[in-house]
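*Asks:* Mind having a look at this structure? Questions to follow.
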Amino acid sequence: MIRLHFNRTGRQPSTWLLDAPIFTVCPNCGFTPHEALRYVGSRYGLVGSFTCAACGAKVTITDGDCRPPVSFTADVPGQPQVSFIYEDVYRLNWADLERAGAALRTSMIPPGEKGYVDVEAALRALEAEIARLDLPHAPAPLPGGVTWVPLPLRAWLDALHTLGV
Ligand SMILES: [Zn+2]
């Protein structure tokens with residue numbers, strides 16, 4: 001399940017995830033388990049917490065009150081922190097969706113001021129285009145600090161990369 005909101009109004013159009021699998025990172029030791037956490041926003045900015053399986057640090061997850069970025073803070077001296085804008089890491093921001101839509105000669109973002117982008121349908125459309133063009137699968141490079149991305153976002157990144165988006 002991926003729920004990606006969009007809003008065309010305001011200073012600039014934007015997208016934000018409010019139900020998506022996210023990778024987690026321990027800011028104390030850098031460990032990323034190959035297991036996604038279901039991110040469904042926060043209560044007053046508090047997303048949740050976990051204990052790092054590698055170093056034992058307690059890590060608190062926060063966000064901007066259901067808005068990016070999502071931050072991980074380790075409860076160790078110095079309180080090390082890492083933050084991610086998952087919409088950017090996953091290439092589900094407004095600009096990337098427009099580029100993806102241009103590659104398919106369609107729009108990935110429905111008409112209207114606000115609503116949801118059907119990411120699964122968009123991924124199927126990209127994969128159909130890759131099959132039609134008979135392109136070889138090209139694994140997308142990941143941004144710095146990111147070592148693992150859960151499915152289906154990994155497939156989304158690879159599809160964009162394969163299509164040269
Ligand atoms: Zn750790």
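*Asks:* Computed over the Cα atoms of region 89-162, what is the ratio Rg over Rh, Rh following Kirkwood?
*Replies:* On the way: Rg = 12.5 Å, Rh = 13.0 Å.
Ratio value, two decimals: 0.97.
*Asks:* Follow-up question, since we're still on this one. Give the longest segment of the chain that steers clear of chymotrypsin sites (Phe, Trp or Tyr not before Pro) in DSSP loops with at most 14 neighbouring Cβ atoms within 10 Å, not counting the sites themselves. Before the final figure, lay out the partial values.
*Replies:* Values: sites that count: 44, 148.
My reading of the result: 45-147 is the longest stretch.
*Asks:* Let me ask something additional. Net charge near residue 69, counting Lys/Arg +1 and Asp/Glu -1 over other residues with Cβ under 14 Å of its Cβ? Numbers along the way, then the final one.
*Replies:* Values: positive: 67; negative: 63, 65, 87, 88.
So the surrounding residues net to -3.
*Asks:* How many angstrom lie between the Cα centre of region 20-36 and the Cα centre of region 122-142?
*Replies:* A separation of 26 Å, based on Cα centres.
*Asks:* Averaging over every viewing direction, what projected area does the convex hull of the Cα atoms of region 1-97 cover, in nm²? Intermediate values should be presented prior to the final figure.
*Replies:* Numbers: hull surface 27.0 nm².
Average of the hull's projected areas for region 1-97 equals 6.7 nm².
*Asks:* Then there's this: For the chain, what value does the Rg/Rh ratio take when both radii are computed over Cα atoms and Rh is the Kirkwood radius, given to two decimals? List each step's numbers first, then the result.
*Replies:* Details: Rg = 16.8 Å, Rh = 16.8 Å.
Expressed as Rg/Rh, it is 1.00.
Every read-out reported here was derived from the displayed coordinates using simple, explicitly stated rules and does not represent laboratory data. Since the model is a prediction, treat every value here as computed from it, not as a measurement. For neighbour counting, all protein chains shown are included, and Cβ atoms are generated from backbone atoms with ideal geometry for every residue, glycine included.
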